[in-house]
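A.B. asks: The structure is given below, and queries will be raised subsequently.
None of the figures in this text is laboratory data; all of them are computed from the coordinates on show. Everything numeric in this text was worked out from a predicted model, so none of it was measured. Because the Cβ atoms are built from the backbone with ideal geometry, glycine has one as well, and the counts that use them run over all protein chains shown.
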Amino acid sequence: MGAQENAALVRRGYEAFSTGDMNTLRDLFAEDAVWHVGGTGPLSGDKKGRDAILSYFGELGTRSNGSMRVTVEDVAAGDRYTVGVQFSHAERDGKTMDQRQVIVLSIADGKVTEGTEMQEETSLVADFWS
């Protein structure tokens, strides 16, 4: 796959995440994919395997009582990585999280094999999800 196809795959992933379409998300990830979440909060760390990644995505929805919203600002694809820039909004226990995030993705054979999630402000994320 080339850069355009990888960018389209990432956009499909964002659409599936936004609509809660876990079946499409499942199809977009390699079975042994890894998702890295930086910071020190309760959701930080590596999610190893497609099922663990999808569970993490579900946890975002559960912990935010369904208020988690992601707006794609841009997707850029290069030779090695595809990058998604997003604005995230969620509400939880009287707190609100509004911030920009970047997801760096590795794609092979039409599947996401690795994702690294980088938050604008990791301390805000840690506090919000705690």
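A.B. asks: Need the full-extension length gain, S18 to A52, defined as separation in residues times 0.36 nm minus the C-alpha distance. One decimal, nm. The partial results should precede the final answer.
C.D. replies: Numbers: separation 34, 0.36 × 34 = 12.24 nm, distance 1.84 nm.
Length gained between S18 and A52: 10.4 nm.
A.B. asks: Contact order normalised by length for the stretch 1-47, with contacts defined as Cα pairs under 8 Å and 6 or more residues apart; what percent is it?
C.D. replies: Working: 24 pairs, mean separation 9.7, N = 47.
Over the stretch 1-47, the number comes to 21 percent.
A.B. asks: Rounded to whole Å and sorted largest first, list the principal axis extents of the Cα atoms in the stretch 3-129.
C.D. replies: Computed over the Cα atoms, the extents are 42, 26, 26 Å.
A.B. asks: Something else about it: Rank by packing, highest mean first: peptides 115-126, 48-59, with packing defined as the count of other Cβ atoms within 10 Å averaged across residues. Provide the component values of the computation, followed by the final result.
C.D. replies: Values: 115-126: 17.3, 48-59: 15.5.
Put in order of decreasing packing, that is 115-126, 48-59.
A.B. asks: Still on this structure: Output the Kirkwood hydrodynamic radius of the stretch 54-94, Cα pairs only, in Å rounded to one decimal. Intermediate results must be reported in sequence, preceding the final value.
C.D. replies: On the way: mean 1/r = 0.0852 Å⁻¹.
With all distinct Cα pairs of the stretch 54-94 included, I get 11.7 Å.
A.B. asks: Per residue of the chain, what 222 nm ellipticity follows from adding -39500 (n - 2.57) for every DSSP H run with n ≥ 4, rounded to the nearest 500?
C.D. replies: Helix contribution divided over all residues of the chain: -11000 deg cm²/dmol.
A.B. asks: If you place +1 on the Cβ of every Lys and Arg and -1 on the Cβ of every Asp and Glu, how big does the dipole about the Cα centre of the chain come out, in debye to the nearest 20? The partial results should precede the final answer.
C.D. replies: On the way: 13 positive and 21 negative charges, 31 e Å.
Around 160 debye, computed over the chain.
A.B. asks: I've got another one for you. Helix 50-63 sits at what angle to the longest principal axis of the chain, using alpha carbons and giving 0 to 90 degrees rounded to 10?
C.D. replies: For 50-63 against the chain, the angle is about 30 degrees.
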